[in-house]
Amino acid sequence: SSEKWEINPSELTLMKEVGSGQYGVVCLGKWRAQHKVAIKTINEGAMLEEDFIEEAKIMMRLCHPKLVQLYGVCTQQRPMCIVTEFLDNGCLLNYLRQGGSTSRTWLLSACQDACEGMEYLETHSFIHRDLAARNCLVSDKNVVKVCDFGMTRYVLDNQYTSSTGSKFPVKWSPPEVLHYNKYSSKSDIWSFGVLMWEVFSEGKTPYDGRSNIDVVEDITSGHRLYRPQKASSDVYQLMYKCWHEKPQGRPSFSELLKSIRELAELEN
Ligand code: ADP
């Protein structure tokens, strides 16, 4: 096909498997013998493919240094695959757990990176829907980029898409998502607060040991995550603001970014 989002599979070289996710395996590869790319194969029956292909045309136009770039898709073959920018240091959650970079300065810069990517999405009225440390990647220069934006809409797995399913990201979801499935940039903000918490607790699981049902109850009755040891009270205050019960009570990504930049300035 000559469509500009279509990548010719003959221009891809598969190098090695680096992980596996909701849709299938992820490989490191080269595109046109030059660009390092991540090639995600989509298992048959794992995705609403037609809908995704339509959306991919829009996602191709989302370009920002703090977002993992979509390069294109191979839709003329099965399994279909998605080709994106490759990030050498892998998933942020594993990076944190392995003690990749632990200074408070870096932890804040990781949050700033993710916030910059999210501000761009907010400006373009694009809702992520599944923001979490597991959906961010780290580059060879330790820059954090947001990935998998909007992708949950194409998952064919009730355990993942139903708010009562076992794979639903309950611990990253605000009350209006848990109760009414109401997504917005303000629901992304709540998730961003949990992402900040994951970063400053160096990869801990939020509400560890609590079941999803308990977390829904806790959140609804006003309980919130505690301050991670590495978070100053200023940093904790920022994440806490993201967990306002009402969407309109939470900051926007552009406001949050301003505050994060001010804190980063103070540190220098
Ligand atoms: P899921 O869809 O379940 O979120 P992914 O398919 O996005 O999972 O990714 C699975 C794993 O593959 C990640 O945890 C990461 O280690 C690796 N991976 C995914 N995308 C990339 C990429 N662009 N660059 C480097 N590694 C990646």
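Listed values, structure above:
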{"item": "Coil-residue GluC sites (Glu not before Pro) of the stretch 52-110, DSSP, other Cβ within 10 Å capped at 13", "result": "none"}
{"item": "Amide H within-cut-off set for residue 20, under 5 Å, with H built and near neighbours excluded", "result": "26"}
{"item": "In order through the stretch 215-225: 3J(HN,Hα) via Karplus (6.51 cos²θ - 1.76 cosθ + 1.60), integer Hz, x for Gly, Pro", "result": "5, 4, 5, 4, 4, 4, 8, x, 6, 9, 4"}
{"item": "HN-Hα J in Hz across the stretch 248-263 - Karplus 6.51, -1.76, 1.60, θ = phi - 60°, x for Gly and Pro", "result": "5, x, 8, x, 8, 5, 5, 5, 4, 4, 4, 5, 5, 4, 5, 5"}
{"item": "Distance from the stretch 115-173 to the stretch 219-264 (C-alpha centre basis), Å", "result": "18 Å"}
{"item": "Inter-probe distance in nm under a simple model that places probes 7 Å from Cα toward Cβ, at residue 218 and residue 11", "result": "4.8 nm"}
{"item": "Residue (of 58, 70, 117) at the positive-pole extreme of the stretch 1-117, dipole from beta-carbon charges", "result": "117"}
{"item": "Shape of the stretch 204-260, Cα gyration tensor, a/c cut at 1.5", "result": "oblate"}
{"item": "Given 36/171; 145/230; 66/186; 30/167; 182/230, the pairs whose alpha carbons are separated by over 27 Å", "result": "36/171; 30/167; 182/230"}
{"item": "DSSP beta bridge pairing in the chain, given as percent antiparallel to the nearest 5", "result": "95 percent"}
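Every number in this text was worked out from the coordinates using simple rules, so none of it is lab data. These numbers were taken from a predicted model, which means no experiment stands behind them. No Cβ is skipped: glycine too gets one built from the backbone with ideal geometry, and neighbour counts run over all protein chains shown.
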